Amino acid sequence: MHSTRVEFIRHRDAAEKNARRLASKLLLLATPLVLTSCISYAVGTTARPIPEGTFQPNLSVYFVPNGIEDVSDDGSPDDSLAYGSADFEGRWGLSDRSDLGLRVPAGSGAIVNYKRLLSRVNDPDRMAVAAMGGAGIVNFGNHFYVEGTLIASGREGDRVPYGGIRAMHVLPLSSGAVSDTPTVGVFGGLRMRTASNFSLSPELGIYRDEPALGLREGNFIFIPSVSFHWD
């Protein structure tokens, strides 16, 4: 009788553990369906402003490998899941030293950013350095967003390397919105012209981004992205 009871308890505990693991895995798989990205990880632009009086539409697609983690009972990561997002952006050339962008991150808000060339002259045969700042409302109106970016890029041509540093932060606007810490990191990419009016920019960003919702264990994320430019 005693051994039968012990065996019953063992099977019951094993069944409960498997049920918990199944529930956590289902939650892990369902999370990307309701998850929207508050911030724009992909930079997708070089330091040089687009020509004055012109308009350029862009689409940036990025992925967050291991962006969501299922934590086991002992606190270690068990399974992980990547998720992706896409930002739509339009840029207007204001002068030979500046342009203005309007970005819609994941269809959940709007961000306006302004890029200003810091180099003394806009010489296409020289390296360019620019600063870009932006602000907006994201996450369906639940957060106020601010960003600051320093960009350097090579001389103009069919292949233009670029990179820099970037900081982003969101502030809650509603009582139920989560608070977060600033996201800071570096990025680098290569803008490649593939046709007379089309180019693309593969890019990699490395950011320190503490998980506000506790969806993963690590604080550092790698963000591969590709931006498409119709110019």
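Taking amide H as placed 1.01 Å from N in the peptide plane, the amide H of Ala106 sits under 5 Å from that of Ala86, Asp87, Phe88, each at least 5 places away or on another chain. Taking amide H positions as modeled 1.01 Å from N, with prolines and chain starts lacking one, the residues under 5 Å from Arg126 and 5 or more places away or on another chain are Glu156.
Using the Cβ of Met132 as centre and a radius below 13 Å, the other residues enclosed give a net charge of +4, where K and R count +1 and D and E count -1. Share of carbon and sulfur in the accessible area of the range 75-192 stands at 63%, probe radius 1.4 Å.
Spin-label model, Leu190 to Leu118: label points 7 Å out along the Cα-to-beta-carbon direction sit 2.5 nm apart.
Other residues with beta-carbon under 10 Å from the beta-carbon of Pro161 carry, at +1 per Lys or Arg and -1 per Asp or Glu, a net charge of +3.
Quick one: net charge of Thr54's neighbours, Cβ under 10 Å, K/R +1, D/E -1? In short, -2.
The values are calculated or read from the model by the stated rules, or taken from the named source; none is laboratory data. Since we're looking at a predicted model, the values are computed, not measured. Neighbour counts run over all protein chains shown; Cβ positions are idealised from the backbone, glycine included. Surface accessibility is based on the protein's heavy atoms, side chains included, excluding ligands, DNA and RNA. Shrake-Rupley method; radii C 1.70, N 1.55, O 1.52, S 1.80 Å.
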